[in-house]
1. Within the bounds of region 6-19, is there any residue that is surrounded by fewer than 24 Cβ atoms within 10 Å (Cβ to Cβ) and either more than 15 Å from the chain's Cα centre (by Cα) or more than 16 Å from ligand 2 (Cβ to nearest atom) (or both)?
2. So, in region 15-57, exactly how many residues are touching a residue at least 24 places away in the same chain (Cβ under 8 Å) and in a loop (DSSP other than H, G, I, E, B)?
3. Test each condition in (1) farther than 26 Å from residue 206 by Cα; (2) within 17 Å of the chain's Cα centre (by Cα); (3) without any contact (Cβ under 8 Å) to a residue 40 or more places away in the chain; (4) within 16 Å of ligand 2 (Cβ to nearest atom) for residue 70 and report the one that comes out false.
4. Restricting attention to region 95-103, does a residue exist that is in contact with a strand residue (DSSP E or B) (Cβ under 8 Å, 6 or more places away or on another chain) and within 16 Å of ligand 1 (Cβ to nearest atom)?
5. Are any of the residues in region 212-226 in a helix (DSSP H, G or I), surrounded by 14 or more Cβ atoms within 10 Å (Cβ to Cβ) and without any contact (Cβ under 8 Å) to a residue 12 or more places away in the chain?
6. Just to be sure before I move on: is residue 187 surrounded by 15 or more Cβ atoms within 10 Å (Cβ to Cβ) and either under 21 Å from residue 23 (Cβ atoms) or out of contact with any strand residue (DSSP E or B) (no Cβ under 7 Å at 6 or more places or on another chain) (or both) in the structure I sent?
7. Among the residues of region 1-14, which ones are touching a helix residue (DSSP H, G or I) at 6+ places or on another chain (Cβ under 9 Å) and outside any helix (DSSP H, G or I)?
Ligand SMILES: Nc1ncnc2c1ncn2[C@@H]1O[C@H](COP(=O)(O)OP(=O)(O)OP(=O)(O)O)[C@@H](O)[C@H]1O
Ligand SMILES: C[C@H](N)[C@H](N)CCCCCC(=O)O
Ligand SMILES: [Mg+2]
């Protein structure tokens with residue numbers, strides 16, 4: 001089962017958690033690939049850092065273009081980054097890359113850009129893309145002051161789109177967050193989807209180490225329970 005990874009905001013930890021999920025699935029012998037449909041901000045090689053990390057964390061040999069069909073130079077909102085270079089993001093191109101990856105894998109882990117409702121063109125958003133891909137959503141909550149509101153708004157938006165929230169991950173961005181456990185408990189009480197894991201703050205972020213904190217059984221259980 002493939003998943004669409006969204007976050008409470010840009011910088012919430014989507015790439016870290018997406019790579020951690022890829023490592024966790026690969027450790028079970030699954031064929032997995034990361035997917036970054038739209039990336040804003042690229043290196044000198046015209047490739048995006050998130051897409052490179054996702055590609056490296058996968059267990060199949062995917063081309064860069066399959067993993068990241070749209071990459072724009074400016075690290076700004078994607079529809080603006082696209083417009084700056086005279087491009088309109090078109091979903092059929094993204095869906096074609098997704099199908100190529102899905103055809104070679106057991107799981108595709110698709111990382112959105114920024115938060116759930118980030119625009120991708122003049123009419124469509126990241127949420128519309130998740131809907132067209134028809135994927136259950138995993139929400140990465142970047143644990144810092146303000147995340148309760150962002151997390152609950154996002155859960156509501158996922159439901160509004162009639163998408164399944166397959167789970168959420170508490171990613172401890174702020175090592176010194178006051179009342180961290182109480183904040184996690186507050187979300188647990190309000191989000192019906194399972195908490196898949198708590199990723200501690202890491203001085204040197206490492207997706208493989210983070211994967212040890214994820215419980216994939218909670219995803220699998222949901223599939224079995226139906
Ligand atoms: N648990 C953590 N501990 C310490 N640093 C973290 C943790 N999670 C993420 N980070 C760091 O925070 C930054 C943002 O994380 P990440 O790139 O995964 O966010 P993102 O949601 O993918 O952002 P974007 O919207 O740009 O794709 C990165 O520098 C990452 O290494
Ligand atoms: C460039 C950055 N790292 C992300 N890929 C894009 C974040 C877009 C955020 C747009 C917004 O919500 O204002
Ligand atoms: Mg990212």
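Throughout, read-outs are computed from the coordinates displayed, never taken from laboratory work. What you see is a predicted model; the values in this text were computed from it and never measured. As a convention, Cβ positions derive from the backbone with ideal geometry for all residues, glycine included, and neighbour counts pool all protein chains shown.
1. no
2. Residues that pass the stated criteria total 9.
3. Every condition holds for residue 70 apart from (1).
4. Start the filter on region 95-103 by keeping residues that are in contact with a strand residue (DSSP E or B) (Cβ under 8 Å, 6 or more places away or on another chain), which leaves 97-98, 101-102.
Going one step further and asking which of them are within 16 Å of ligand 1 (Cβ to nearest atom), we end up with none.
Checked region 95-103: no residue is in contact with a strand residue (DSSP E or B) (Cβ under 8 Å, 6 or more places away or on another chain) and within 16 Å of ligand 1 (Cβ to nearest atom).
5. Initially, region 212-226 is screened for residues in a helix (DSSP H, G or I), giving 217-225.
With the extra rule that they be surrounded by 14 or more Cβ atoms within 10 Å (Cβ to Cβ), the set shrinks to 218-219, 222.
Add one more test, that the residue is without any contact (Cβ under 8 Å) to a residue 12 or more places away in the chain, and what stays is none.
Among the residues of region 212-226, not one is in a helix (DSSP H, G or I), surrounded by 14 or more Cβ atoms within 10 Å (Cβ to Cβ) and without any contact (Cβ under 8 Å) to a residue 12 or more places away in the chain, which makes the answer no.
6. Working: surrounded by 15 or more Cβ atoms within 10 Å (Cβ to Cβ): yes; either under 21 Å from residue 23 (Cβ atoms) or out of contact with any strand residue (DSSP E or B) (no Cβ under 7 Å at 6 or more places or on another chain) (or both): no.
The answer is no for residue 187.
7. First pass over region 1-14, keeping only residues touching a helix residue (DSSP H, G or I) at 6+ places or on another chain (Cβ under 9 Å): 1-9, 12-14.
1, 2, 3, 4, 5, 6, 7, 8, 9, 12, 13 - these are the residues of region 1-14 that are touching a helix residue (DSSP H, G or I) at 6+ places or on another chain (Cβ under 9 Å) and outside any helix (DSSP H, G or I).
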